[in-house]
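So the structure is just underneath, and the comments pick up after that.
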């Protein structure tokens with residue numbers, strides 16, 4: 001997908017969040033010129049604008065801790081020139097750059113484990129991710145490791161067919177770790193570049209299911225050295241800050257290395273991506289902005305900020 005098309009999709013996906021920010025800033029006064037140093041007069045208009053920006057960020061679910069950091073940086077750099085928007089944007093981009101994804105591995109096949117709570121869009125994300133990798137020139141095999149929910153396997157089969165990639169599945173009730181091992185072994189034998197494993201959705205409070213993730217990781221490492229090479233945690237953007245609670249529990253069991261943030265187009269809480277990077281110290285790897293096959297986008301911090309602050313202020 002061309003750069004312009006990706007940015008357009010991202011702007012459309014973040015439209016509700018951008019509107020939320022616009023609405024919060026619509027009544028903010030224009031920044032006044034700095035007073036002469038000798039006057040000592042308070043710069044009330046500038047302070048009011050900063051406060052409006054702070055409220056706008058919190059309303060977009062950027063989170064208190066991340067917003068505090070952003071606003072402190074924007075205020076402290078006021079003497080260096082640049083608009084408030086530029087200073088805020090630079091600091092947000094800095095937050096994302098602080099948690100850059102790990103360097104790519106040379107392992108073949110590369111094993112990507114996809115985990116998350118039911119209803120986050122995990123299975124459709126696997127299908128879209130397979131399509132994204134295939135379009136990038138990689139050969140892909142998808143593993144249906146959710147063996148307890150037949151509908152999930154059938155849904156994944158449809159997405160794998162649409163993406164034009166192989167699918168490894170097992171009989172209902174089979175051991176998910178064994179299925180994952182078989183898929184990784186098959187991918188190695190067939191010379192595939194990447195294996196994407198769709199695990200069963202689970203609540204972070206179900207310790208037995210969380211322990212299952214640990215087993216899958218351990219077993220697949222016996223099939224391919226160093227596997228899994230990436231563990232992607234799928235979070236639903238519409239739940240906002242509540243997703244951070246889920247994520248913290250999944251981190252302990254899955255060792256997630258990155259986040260896929262889905263359903264950005266269905267919420268005004270798209271600022272939660274900043275909170276995730278800041279609070280969890282995890283990179284956002286992909287964002288979902290729609291239901292179509294091409295609506296999963298590799299995350300780009302500069303493009304995200306551009307879409308978040310669609311208007312000048």
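Annotation: residue 238 fulfils all but one of (1) at pLDDT 95 or above; (2) surrounded by fewer than 22 Cβ atoms within 10 Å (Cβ to Cβ); (3) in a helix (DSSP H, G or I); the unmet one is (1). Applying the condition of being closer than 30 Å to residue 222 by Cα and surrounded by 13 or more Cβ atoms within 10 Å (Cβ to Cβ) to the range 75-102 and asking which residue is modelled with the highest pLDDT yields 99.
Restricting attention to the range 169-206, the residues that are under 19 Å from residue 119 (Cα atoms) and either free of Cβ contacts under 8 Å to residues at least 12 places away in the same chain or in a helix (DSSP H, G or I) (or both) add up to 1.
Please verify whether the range 53-65 includes one or more residues that are at pLDDT below 80 and either in contact with a helix residue (DSSP H, G or I) (Cβ under 8 Å, 6 or more places away or on another chain) or not in a loop (DSSP other than H, G, I, E, B) (or both). There is no residue in the range 53-65 that is at pLDDT below 80 and either in contact with a helix residue (DSSP H, G or I) (Cβ under 8 Å, 6 or more places away or on another chain) or not in a loop (DSSP other than H, G, I, E, B) (or both). Restricting attention to the range 157-168, the residues that are surrounded by 20 or more Cβ atoms within 10 Å (Cβ to Cβ) and part of a helix (DSSP H, G or I) total 3.
Within the range 255-268, the set of residues being surrounded by fewer than 24 Cβ atoms within 10 Å (Cβ to Cβ), closer than 23 Å to residue 90 by Cα and touching a helix residue (DSSP H, G or I) at 6+ places or on another chain (Cβ under 8 Å) comprises 268 only.
Reported count of residues in the range 203-231, each being touching a helix residue (DSSP H, G or I) at 6+ places or on another chain (Cβ under 8 Å) and surrounded by 14 or more Cβ atoms within 10 Å (Cβ to Cβ), is 15. Can you find, within the range 189-202, the residue that is nearest to residue 223 (Cα to Cα) among those that are surrounded by 17 or more Cβ atoms within 10 Å (Cβ to Cβ) and modelled with pLDDT of 95 or more? It comes out as 195.
Considering each residue of the range 66-74 in turn, none proves to be in contact with a strand residue (DSSP E or B) (Cβ under 9 Å, 6 or more places away or on another chain), within 18 Å of residue 264 (Cβ to Cβ) and either in a helix (DSSP H, G or I) or modelled with pLDDT under 95 (or both). Within the range 103-156, count every residue that is on the phi < 0 side of the Ramachandran plot, part of a loop (DSSP other than H, G, I, E, B) and surrounded by 19 or more Cβ atoms within 10 Å (Cβ to Cβ). Count: 6.
For the range 13-29, the count of residues that are surrounded by 14 or more Cβ atoms within 10 Å (Cβ to Cβ), out of contact with any strand residue (DSSP E or B) (no Cβ under 8 Å at 6 or more places or on another chain), more than 27 Å from residue 261 (Cα to Cα) and modelled with pLDDT under 90 is at least one.
The values are calculated or read from the model by the stated rules, or taken from the named source; none is laboratory data. Quick caveat, the model's predicted, so the values are computed rather than measured. Cβ coordinates were reconstructed from backbone atoms using ideal geometry, including for glycine residues, and neighbour counts include every protein chain displayed.
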